[in-house]
Structures are given as structure tokens and as C-alpha cells.
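The values are calculated or read from the model by the stated rules, or taken from the named source; none is laboratory data. Every value quoted in this text rests on a predicted model; they were computed, and no experiment measured them. For neighbour counting, all protein chains shown are included, and Cβ atoms are generated from backbone atoms with ideal geometry for every residue, glycine included. What goes into the accessible areas is simple: the full protein's heavy atoms, side chains included, and nothing from ligands, DNA or RNA. Shrake-Rupley method; radii C 1.70, N 1.55, O 1.52, S 1.80 Å.
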Amino acid sequence: MLIRLPTGQRVLIRQIRPSDKSLLKAGLARLSAETIRRRFLSPKPTLSSGELRYLTEIDGENHVAYVALLADVPRETLIAVGRYVATAEDPRTAEVAVVVGDEFQGHGLGTRLGLALADHARTVGIQRFSASMLSDNAPAHRLFARISQRLSSERQTGVDTLIADLAA
């Protein structure tokens with residue numbers, strides 16, 4: 001899918017590929033410490049080879065991930081990632097996460113990724129998303145609200161676990 005940001009930049013959104021390991025690693029290196037903290041709930045200086053394998057070698061049904069790339073240089077500039085992974089306890093529920101590079105935040109890219117994930121989830125029978133996020137991560141809470149029609153929240157030690165019902 002090709003979209004245009006309000007800045008005029010063209011962005012390609014596609015499913016992640018095993019060959020994206022180096023893009024994912026470079027994308028993490030471009031994130032600010034605050035964005036990393038908000039996405040991983042703690043500092044995350046690098047991704048191990050095992051993590052890169054897990055994050056890029058997906059099945060496309062229980063583990064789905066989309067990447068956003070600048071359309072004019074797609075092999076060089078990863079700017080966002082959104083993913084869900086179905087939970088083992090309830091295959092109708094999936095953990096969802098989205099991270100958008102600092103310079104591209106606030107332009108609707110996270111919402112586009114989240115909606116693409118929700119649309120795909122419905123086609124494979126996933127009915128709920130859950131997400132763990134820091135209670136002070138207002139942008140993530142707004143994003144989750146945008147891609148969800150109904151939410152319930154449980155607060156645990158400064159981390160919110162949100163569940164969205166996608167069936168409605």
C-alpha cells in the first residue's frame with residue numbers, strides 16, 4: 001500500500017520480510033531513547049540475532065508485521081513497524097505493538113499501521129488486541145483508542161494492559 005503523509009512524503013507499507021533484518025536493526029538505531037523506552041518499556045540498545053529472526057521471520061497469520069518505508073528509498077529507510085502476535089492462551093486475542101520513527105510521529109502513520117493490522121486480524125479470526133504500554137505513553141493510548149471501538153483497561157505497576165474488541 002502506498003500512502004502520502006501530510007508532509008508530502010510517499011510511504012510504502014508492506015509485510016515484513018526475512019531480508020529486512022538489517023533495516024530493522026538500523027531503524028532501531030535511529031530511534032530516540034524516549035521512543036525506545038515507550039516501545040520496549042525499557043532501554044533497548046540493540047536487537048540480538050535471535051530477536052531479529054523472530055521479528056522478521058513471521059507466519060503471516062498468528063504473527064503479522066508491517067513495515068513502513070520511504071517510497072523513494074525503500075531499501076534504506078525503515079520509518080515504522082506495526083505487528084501483532086496471537087496469544088497462546090487465546091488464539092482470538094493478539095498482542096499488538098507499533099513504533100514510529102521520531103521524525104514521522106504525529107502524521108497518522110501509526111494509525112494506518114494499526115488499522116492495517118486490525119483489518120488483517122479480522123480475516124484470520126482474531127477478535128481482540130491487547131497491548132502493554134507505559135501509563136505515561138499518551139500517544140500509544142491515543143493510537144490504541146483510534147484502532148479500537150471498545151477498550152477495557154487494567155493498570156499494573158505503571159503499565160497499562162489494554163484489550164480492544166475488534167468484533168464489533
Residue that is nearest to Leu5 (Cα to Cα), among those in the stretch 38-61 that are touching a residue at least 40 places away in the same chain (Cβ under 8 Å) and open to solvent by 70 Å² or more (accessible area, probe 1.4 Å): Arg38
Flag for Glu95 being modelled with pLDDT of 85 or more and under 15 Å from the mean Cα position of the chain (by Cα): yes
Some residue of the stretch 102-123 being farther than 24 Å from Leu23 by Cβ, in contact (Cβ under 8 Å) with a residue 40 or more places away in the chain and not in a helix (DSSP H, G or I): no
Residue pairs meeting the criteria (Cβ under 7 Å; at least 6 apart or on separate chains; first under 15 Å from Leu55 (Cβ atoms) and part of a strand (DSSP E or B), in the stretch 79-97; second at pLDDT below 90 and open to solvent by 40 Å² or more (accessible area, probe 1.4 Å)): Ala97/Arg39
Residues (open to solvent by 10 Å² or more (accessible area, probe 1.4 Å), closer than 22 Å to Ile79 by Cα and hydrophobic (A, V, I, L, M, F, W, C)) located in the stretch 109-132: Leu115, Ala116
Residues of the stretch 17-37 classified as among the hydrophobic types (A, V, I, L, M, F, W, C), touching a residue at least 40 places away in the same chain (Cβ under 8 Å) and touching a Leu at 6+ places or on another chain (Cβ under 9 Å), total: 3
The one condition in (1) within 19 Å of Arg146 (Cβ to Cβ); (2) of a type outside the set (A, V, I, L, M); (3) surrounded by fewer than 19 Cβ atoms within 10 Å (Cβ to Cβ) that Arg75 fails to fulfil: (1)
Conditions (1) surrounded by fewer than 18 Cβ atoms within 10 Å (Cβ to Cβ); (2) modelled with pLDDT under 90; (3) over 21 Å from Met1 (Cβ atoms): number failed by Ser32: (2)
The stretch 2-27 - residue that is touching a Phe, Trp or Tyr at 6+ places or on another chain (Cβ under 9 Å) and not charged (D, E, K, R) and, of those, surrounded by the fewest Cβ atoms within 10 Å (Cβ to Cβ): Thr7
Wholly within the stretch 17-58, helices (runs of 4 or more DSSP H) carrying at least 2 residues that are at negative phi and among the hydroxyl-bearing types (Ser, Thr, Tyr): 49-56
Failed criterion for Val159 (all others in (1) modelled with pLDDT under 85; (2) open to solvent by 60 Å² or more (accessible area, probe 1.4 Å); (3) of a type outside the set (Ser, Thr, Tyr) hold): (2)
Residue that is farthest from the chain's Cα centre (by Cα), among those in the stretch 124-139 that are more than 19 Å from Leu31 (Cα to Cα) and free of Cβ contacts under 8 Å to residues at least 40 places away in the same chain: Gly125
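Which one of Gly106, Gly101 is closer than 21 Å to Met1 by Cα and open to solvent by 60 Å² or more (accessible area, probe 1.4 Å)? Give the derivation first.
Details: Gly101 fails: open to solvent by 60 Å² or more (accessible area, probe 1.4 Å).
None of the others qualify; the one that does is Gly106.
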